[in-house]
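Shown next, in structure tokens, is the structure this report addresses.
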Amino acid sequence: MLDFLIRGGHVIDPASHINGLRDVAVKDGRIVDLPPEPAASHVLDATGCYVFPGLIDAHAHSYFPGSGLGVQPDFLASTGVTTVLDAGTAGWSNYPAFHNTTVVNSAVRVKALVAYNNSGQIELGYLEDYSRASIKVEKIRRLLERYPGEIVGIKMRFQREVTGDTGVRRLRELIEVAEELGCPVTVHTTDPPASAEEIADLLRSGDVYCHCYQGKGHTIVDEHGCVYPAIRRARERGVWFDAANGTGNFAFSTAAAALKDGFLPDIISADNASNSFCLDHYAKNLPFVMSKYLALGMTLEQVVTCVTQNPAKLLGMEGKIGTLAPGAFADIAVMKLCRKEQEYWDSTKNPSTAVRADAVLVPQATLLNGVAVYRANDF
């Protein structure tokens with residue numbers, strides 16, 4: 001007897017090369033092969049819906065209640081998210097508190113980046129000291145040793161208002177520390193103190209160029225709307241490009257130009273924080289952000305790849321999450337693509353730059369490790 005049978009849905013699982021109608025079977029917290037004559041304790045009729053692997057939000061701020069930016073990870077389950085990567089909300093000084101209060105108490109799977117500075121992002125406008133003299137490399141090393149598999153890299157906000165006009169110096173120092181510690185880095189690139197080409201040339205395979213479609217200062221596209229060759233070279237050698245929208249890190253002008261030039265994101269994340277989650281227009285939740293990219297012309301399969309298969313690889317959990325293959329954790333998101341007039345904004349916060357579309361993804365149900373954690377009343 002199966003625990004769940006999700007019947008009649010359109011399954012999109014890029015990791016398994018599936019895009020079509022089929023049923024999905026769940027038993028003992030895992031995806032299993034569909035038996036010849038399936039019987040289940042619970043049958044979910046997904047006719048007219050899409051069935052995806054549980055979504056992976058690879059950039060969010062989930063240190064709740066320790067940071068003013070934090071969103072409780074389990075809130076994300078109602079949006080189809082079953083795994084979240086916290087984007088450096090805590091540094092070495094407060095990471096143990098984040099682990100003890102948030103990570104171990106969340107049903108949603110939580111991985112994390114540790115902030116390069118000592119205390120992470122306590123709040124917007126909070127001083128983040130990235131001077132090399134203030135960085136405690138041994139403290140970060142001990143943290144990586146204490147939480148192996150949970151902490152997957154170091155995060156730095158490489159932004160002029162944070163680092164000052166220091167050029168690439170702070171980024172070079174970060175890479176040197178990461179080399180010493182043997183870990184990847186994620187680099188916030190909104191309004192950076194160096195060019196996109198300089199940033200890209202420093203990043204290594206496995207590093208993440210974050211907020212790749214931001215529109216402040218140096219961007220990844222030139223004055224003709226073409227993606228710089230250095231950006232493409234970085235991708236070729238294994239650098240990940242994450243859209244990570246948020247409220248201030250995304251511009252339609254950059255995104256539309258890059259997509260037209262054939263440069264799609266590797267990862268689409270919402271950058272959800274207390275100033276964006278469930279709020280209008282920008283990055284209400286991950287399915288809302290996914291819908292924004294549908295409005296920009298990406299196919300649904302391309303978008304789903306960026307929130308399932310690719311972030312699973314980034315987290316080193318390929319085959320366990322981000323797929324509906326037999327043996328994977330039974331993380332499942334059921335969605336409807338609802339036809340309605342919808343307006344999507346970017347960080348200019350100007351209605352005149354909004355993109356208007358006729359569809360939005362609406363969560364219907366979420367299974368996490370084979371447990372139903374969200375189900376809409378009309379599903």
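The values are calculated or read from the model by the stated rules, or taken from the named source; none is laboratory data. This structure is a prediction, so every number in the text was calculated from the model and none was measured. Virtual Cβ from ideal backbone geometry, glycine too; neighbours counted across all protein chains shown. When the accessible area is computed, the model is the full protein with side chains, heavy atoms only, and any ligands, DNA or RNA have been set aside. Shrake-Rupley method; radii C 1.70, N 1.55, O 1.52, S 1.80 Å.
Under the condition of being touching a Gly at 6+ places or on another chain (Cβ under 8 Å), of a type in the set (A, V, I, L, M) and farther than 18 Å from Thr353 by Cβ, which residue from segment 272-299 is surrounded by the fewest Cβ atoms within 10 Å (Cβ to Cβ)?
Ala273
Working carefully through the options Ala256, Ala244, find the one that is in a helix (DSSP H, G or I), modelled with pLDDT of 95 or more and out of contact with any Lys or Arg (no Cβ under 8 Å at 6 or more places or on another chain).
Details: Ala244 fails: in a helix (DSSP H, G or I).
The unique qualifying residue is Ala256.
So how many residues does segment 116-137 have that are open to solvent by less than 30 Å² (accessible area, probe 1.4 Å) and not in a helix (DSSP H, G or I)?
Narrowing segment 116-137 to residues open to solvent by less than 30 Å² (accessible area, probe 1.4 Å): 116-117, 119-121, 128, 130, 134-135, 137.
Among the residues that remain, those that are also not in a helix (DSSP H, G or I) are: 116-117, 119-121, 128, 130, 135.
Result for segment 116-137: 8.
What is the one condition in (1) among the aromatic types (Phe, Trp, Tyr); (2) at pLDDT below 95; (3) crowded, with 22+ Cβ neighbours inside 10 Å that Phe329 does not satisfy?
(2) is the only condition that Phe329 fails.
Within segment 62-87, take every residue that is over 10 Å from the mean Cα position of the chain (by Cα) and among the hydroxyl-bearing types (Ser, Thr, Tyr) and give me the one that is farthest from Arg375 (Cα to Cα).
The extreme case among them is Ser67.
Pick out, from segment 14-53, the strands (runs of 3 or more DSSP E) lying fully within it that include 3 or more residues that are more than 18 Å from Gly319 (Cβ to Cβ) and open to solvent by 50 Å² or more (accessible area, probe 1.4 Å). If you could, list the steps in order and put the result at the bottom.
Values: elements: 18-21, 24-27, 30-32, 40-45, 50-53.
Where strands (runs of 3 or more DSSP E) fall fully within segment 14-53 and carry at least 3 residues being more than 18 Å from Gly319 (Cβ to Cβ) and open to solvent by 50 Å² or more (accessible area, probe 1.4 Å), they are 40-45.
Every residue, every condition in (1) under 21 Å from the mean Cα position of the chain (by Cα); (2) under 30 Å from Ile154 (Cα atoms), yes or no:
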{"residue": "Leu5", "(1), (2)": "no, no"}
{"residue": "Asp33", "(1), (2)": "no, no"}
{"residue": "Ala39", "(1), (2)": "no, no"}
{"residue": "Val43", "(1), (2)": "no, no"}
{"residue": "Tyr50", "(1), (2)": "yes, no"}
{"residue": "Asp57", "(1), (2)": "yes, yes"}
{"residue": "Ala60", "(1), (2)": "yes, yes"}
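So, in segment 308-348, of the ones that are charged (D, E, K, R) and in contact (Cβ under 8 Å) with a residue 40 or more places away in the chain, which residue ends up farthest from Leu21 (Cα to Cα)? It would help to see each step written out before you state the result.
Of all residues in segment 308-348, those charged (D, E, K, R) come to 313, 318, 320, 331, 336, 339-341, 343, 346.
Cutting the leftovers down to in contact (Cβ under 8 Å) with a residue 40 or more places away in the chain gives us 318, 331, 336, 343, 346.
Values: Glu318: 23, Asp331: 18, Lys336: 14, Glu343: 30, Asp346: 34 Å.
Ranking the qualifying residues of segment 308-348, first place goes to Asp346.
Which one is surrounded by the most Cβ atoms within 10 Å (Cβ to Cβ) among residues in segment 79-95 that are outside any strand (DSSP E or B) and in contact with a Pro (Cβ under 6 Å, 6 or more places away or on another chain)?
Filtering segment 79-95 down to residues outside any strand (DSSP E or B) leaves 79-80, 88-95.
Restricting the remaining residues to those that are in contact with a Pro (Cβ under 6 Å, 6 or more places away or on another chain) gives 79-80.
Values: Thr79: 26, Gly80: 29.
Among residues in segment 79-95 that are outside any strand (DSSP E or B) and in contact with a Pro (Cβ under 6 Å, 6 or more places away or on another chain), the one surrounded by the most Cβ atoms within 10 Å (Cβ to Cβ) is Gly80.
Condition first: touching a Pro at 6+ places or on another chain (Cβ under 9 Å), among the hydrophobic types (A, V, I, L, M, F, W, C) and open to solvent by less than 20 Å² (accessible area, probe 1.4 Å). Now tell me which residues in segment 138-190 satisfy that.
Result: Leu143, Ile154, Phe158, Leu171, Ala178.
Can you tell me how many residues in segment 72-97 are in contact with a Phe, Trp or Tyr (Cβ under 6 Å, 6 or more places away or on another chain), polar (S, T, N, Q) and farther than 16 Å from Thr186 by Cβ?
2
Exactly one condition in (1) surrounded by fewer than 16 Cβ atoms within 10 Å (Cβ to Cβ); (2) assigned to a strand (DSSP E or B); (3) under 22 Å from the mean Cα position of the chain (by Cα) is false for Val334; which is it?
Exception for Val334: condition (1).
Can you go through Thr308, Thr348 and tell me which one is among the β-branched types (Val, Ile, Thr) and more than 18 Å from the chain's Cα centre (by Cα)? Outline the logic, then answer.
On the way: Thr308 fails: more than 18 Å from the chain's Cα centre (by Cα).
Of Thr308, Thr348, the one residue that is among the β-branched types (Val, Ile, Thr) and more than 18 Å from the chain's Cα centre (by Cα) is Thr348.
Taking segment 232-250 as the search range and keeping residues that are over 17 Å from the mean Cα position of the chain (by Cα) and within 20 Å of Gln302 (Cα to Cα), which one is least open to solvent (accessible area, probe 1.4 Å)?
Residue satisfying both the conditions and the ranking: Gly238.
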